[in-house]
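To start, the structure under review is shown below, and the notes come after it.
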Amino acid sequence: MKKYFVFAMAIVFALTACKNNTTETPAKKIDSKQFFKENIAKVEQLCKEEAAQDDYDLDMASYVFYDIDSDGIDELYIRDSLADCGWLFCCGADSLQFVTSENYKLHFSQLGNIIMLSGSAGTGTFYSAYYEIENSVCTGPDFFELNEFVWGSEDSTRTVYHPVTDFDGDYPEEKTRPFFAKVKEFEKTSEWNILSEGKEFKPLYELTGRVPEDEQ
């Protein structure tokens, strides 16, 4: 019996040793700068398809790599300052992902790993859409809030939450509550900042290789 007990304990110790020596495979790190350069044709195509206005000029646009979610992998932010518009891209999991675009009315702000696209939506209304970046992927939540001015009401303003793809129905509170709880936690130590401010943008032609004539 003692022999069997010693043998069993030896197996246990051997398995424990194997477990302790096992190391987790590190998460794959993408060279975002190289990734976006290799995919710049698709980036430009998406910029054109998702342009929030018609007077942009990608040849005169600029870009900056910026790690929004602090995971060591940069996102790509492109801006045409003359047209006051821009586009935001992620490259998580080796897949190009368009997040959203801004224009002269709606601009990007950042709080932690959350991007807010906000601005005037017409007389008496203010629009805000939220995009959470995690592990270099836009994970949502996919809703926006519309702050409306209500004439003839004791409560002159109201906030309505909608799914981004559905203007007809309010968003369920069980989804918005945890998200805005996270926002409030961020706001204890930080504040919303305009995404374009304080960034050193470079000419986009450094990525495209297509140098404008006046820059040659």
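Residues of the stretch 104-119 that are without any contact (Cβ under 8 Å) to a residue 40 or more places away in the chain and under 13 Å from Phe144 (Cα atoms): Leu117, Ser118, Gly119. Note on the stretch 86-131: residues that are within 19 Å of Leu58 (Cα to Cα) and under 15 Å from the mean Cα position of the chain (by Cα) amount to 14. Among the residues of the stretch 39-65, just one is exposed (fewer than 14 other Cβ atoms within 10 Å of the Cβ) and either assigned to a strand (DSSP E or B) or among the aliphatic types (A, V, I, L, M) (or both), namely Ala41.
Taken over the stretch 28-71, the residue count meeting the criterion of being over 13 Å from Thr208 (Cα atoms), touching a residue at least 60 places away in the same chain (Cβ under 8 Å) and of a type in the set (A, V, I, L, M, F, W, C) is 3. Taking the stretch 126-158 as the range and being hydroxyl-bearing (Ser, Thr, Tyr) and modelled with pLDDT under 80 as the test, the residues that pass are Ser153, Ser156, Thr157.
Here Glu75 clears all of (1) in contact with a Cys (Cβ under 6 Å, 6 or more places away or on another chain); (2) closer than 26 Å to Val211 by Cβ; (3) surrounded by fewer than 20 Cβ atoms within 10 Å (Cβ to Cβ); (4) not basic (Lys, Arg) except the condition numbered (3). Number of residues in the stretch 188-208 that are closer than 14 Å to Trp87 by Cβ and without any contact (Cβ under 8 Å) to a residue 40 or more places away in the chain: the value is 0.
Applying the selection to the stretch 66-97, what residues are farther than 23 Å from Gln53 by Cβ and part of a loop (DSSP other than H, G, I, E, B)?
Correct list: Asp67, Ile68, Asp69, Ser70, Asp71, Gly72, Ile73, Asp74, Cys91, Ser95.
The number of residues in the stretch 120-144 that are crowded, with 18+ Cβ neighbours inside 10 Å and either free of Cβ contacts under 8 Å to residues at least 12 places away in the same chain or in a loop (DSSP other than H, G, I, E, B) (or both) comes to 2.
The values are calculated or read from the model by the stated rules, or taken from the named source; none is laboratory data. Nothing here was measured: the structure is a model prediction, and the numbers come from that model. Cβ sites come from the backbone with ideal geometry, for glycine too, and all protein chains shown count toward neighbours.
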